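The values are calculated or read from the model by the stated rules, or taken from the named source; none is laboratory data. Note that the structure is predicted; figures quoted are calculated from it, not measured. Cβ: placed from backbone, ideal geometry, glycine included. Neighbour counts: every protein chain shown. When the accessible area is computed, the model is the full protein with side chains, heavy atoms only, and any ligands, DNA or RNA have been set aside. Shrake-Rupley method; radii C 1.70, N 1.55, O 1.52, S 1.80 Å.
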Amino acid sequence: MGGVESHIYQLSQCLIEKGHKVVIVTHAYGRRKGVRYLTRGLKVYYLPLQVMYNQSTATTCFHSLPLFRCVFVRERITVVHAHSSFSAMAHDALFHAKTMGLNTLLTVSLCDTNHIVCVSYTSKENTVLRGTLQPEIVSVIPNAVDPTDFTPDPSQRQKDRITIVVISRLVYRKGIDLLGGIIPDLCLKHPDLDFLIGGEGPKRIVLEEVREKYQLHDRVRLLGALEHKDVRGVLVQGHIFLNTSLTEAFCMAIVEGASCGLQVVSTRVGGIPEVLPEDLITLCEPTVRSLCAGSDLAPSPLPASIHARVRNLYTWRNVAERTEKVYDRVAAEDVLPLDRRLRRLRSHCGPVAGSIFAFVAVLDFLFLLLLQWLVPRELMDAAVDATGPRGLWKEAGCSKKPVKKTEEQSSFSVITPASLAAGVWVLKLLTDF
């Protein structure tokens, strides 16, 4: 489970704990399609959308509208929160939600959303300046870490050797070329130094070539891709956590490393200087010389003290409380009518691109009218809530007595011939995709 997936899951669990209804919509993963229920009744829709590259879906702006409309209407969605500005599916969801008159939120499409969440003040500054946005519609809510998942264990460390841990996707943006230059220099200077590297990506070949060229097979271990549950087991083996990113909005990896009691060495880029106190992190310029100098330090002898300081810096309950305030603000805002939305698209995106986006928005609206004619909203059965104010999950799970349905909840499960025909049409559409 990657960083975005972990963020969504943890935030959802905290919001459910506070009494909100949360539904996650993502694309299918292999044979995993349809609806699944996770802890505390968290419902996840795996839509049958075609994945093109790197877990990104193909986007034509229209093929996903019937699916999103079905979910939004049946689940009575009021706020759509899209995560990751690089997700095509997230942008599709925002675009369709606006067409349907829902309020939207993006954890960084800019001009067509009600509010934007960034994970650092540096990221907010870049977003406001590049998107020519009003600073008032951009909030800063950092990521968080579950301290119980990342606790130190000094007994796992080697007593007579120093281990530097690197856990990262092996891609250019993560500075893997820098790491390839650091490894031989530090290994030559310190005979008792080892590297433990977790992660996978196209830049793995760089590290393999360095290991082969300098005959460092016994000192540089490449672990490959790691499950999130296995990360802590790797971190506790190290003394120093090294991050060589060239760009980074926040970097949760250094928080996880510090939570496990490791001394953190990182490049001074993006929002990283905002993440940890100065005495818990050594910041370096993104050069081989600076990183080698920063890594040439004695590891902290008190990992428990580092963990005690980090555990209260970033908590998911705090993130959920701040996100809840943003949701309340967004839910209270008026949804722009179509004419004002088109004018805003043209004014923010320029005369050429803005006109194209406005034309696509009109087509999306006409397609929505067609869907409403084919499958009226009134004929779509509302889904029974597992979470939220009308949630049945907690009641059914904590009591052996049968759950007594309210009149409103009972009506959700009534199947009429018209709704059955509508369901058959949607099912046929799903299978076609």
Total formal charge among the other residues, if their Cβ is under 13 angstrom from that of Phe359, Lys/Arg +1 and Asp/Glu -1: +1
Neighbour cut-off at most 16 other Cβ (10 Å), DSSP loop, chymotrypsin sites (Phe, Trp or Tyr not before Pro), the range 117-218: Tyr214
Prolate/oblate/rounded call for the range 147-314, Cα gyration tensor, a/c under 1.5 rounded: rounded
Mean-position separation - Cα centroids, the range 127-159 and the range 30-98, in angstrom: 25 Å
Nitroxide proxy distance, nm - points 7 Å out along Cα→Cβ at Val171 and Glu274: 2.1 nm
Gained length - Arg340 relative to Asn126, 0.36 nm times residue gap less alpha-carbon distance: 74.4 nm
Chymotrypsin sites (Phe, Trp or Tyr not before Pro) restricted to DSSP loop in the range 30-88 with at most 13 other C-beta within 10 Å: Phe86
Protein-only accessible surface order, largest first, of Glu200, Glu256 at 1.4 Å: Glu200, Glu256
Virtual spin-label span in nm between Ala308 and Arg161, 7 Å along Cα→Cβ: 3.1 nm
Solvent-accessible area per residue, Å², over the range 147-314 with all protein chains present [probe radius 1.4 Å]: 45 Å²
Nonlocal amide H pairs with Glu285, under 5 Å, H built at 1.01 Å: Arg268
Ordering of 262-269, 75-82, 282-289 by packing [mean C-beta count within 10 Å, highest first]: 262-269, 75-82, 282-289
Under-5 Å amide H pairs with Gln55, H placed in peptide plane, nonlocal only: none
Inter-label distance for Thr39 and His217, nm, one decimal - labels placed 7 Å from Cα along Cα-to-Cβ: 4.1 nm
Calculated [θ] (222 nm, deg cm²/dmol) that DSSP helices of n ≥ 4 give over the chain, each run adding -39,500 (n - 2.57): -13000 deg cm²/dmol
Partners for Lys229 among aspartates and glutamates (Cα-Cα distance below 17 Å; same-chain residues under 8 apart left out): Glu5, Asp146, Asp149, Asp153, Glu200, Glu256
Candidates per trypsin sites (Lys or Arg not before Pro) in the range 113-212, loop by DSSP, up to 10 other Cβ within 10 Å: Lys159
Reported label for calculated Rg/Rh (Cα atoms, Kirkwood Rh) given (1) 0.99; (2) 1.14; (3) 1.02: (3)
Packing-based order for 236-245, 221-230, using average beta carbon neighbours within 10 Å, highest first: 236-245, 221-230
Gained length - Arg289 relative to Leu188, 0.36 nm times residue gap less alpha-carbon distance: 35.0 nm
Mean separation of Cα contacts under 8 Å (6+ apart) over length of the range 147-314, as relative contact order %: 26 percent
Contour excess over end-to-end distance, with Cα ends at His348 and Lys325 and 0.36 nm allotted per residue: 5.6 nm
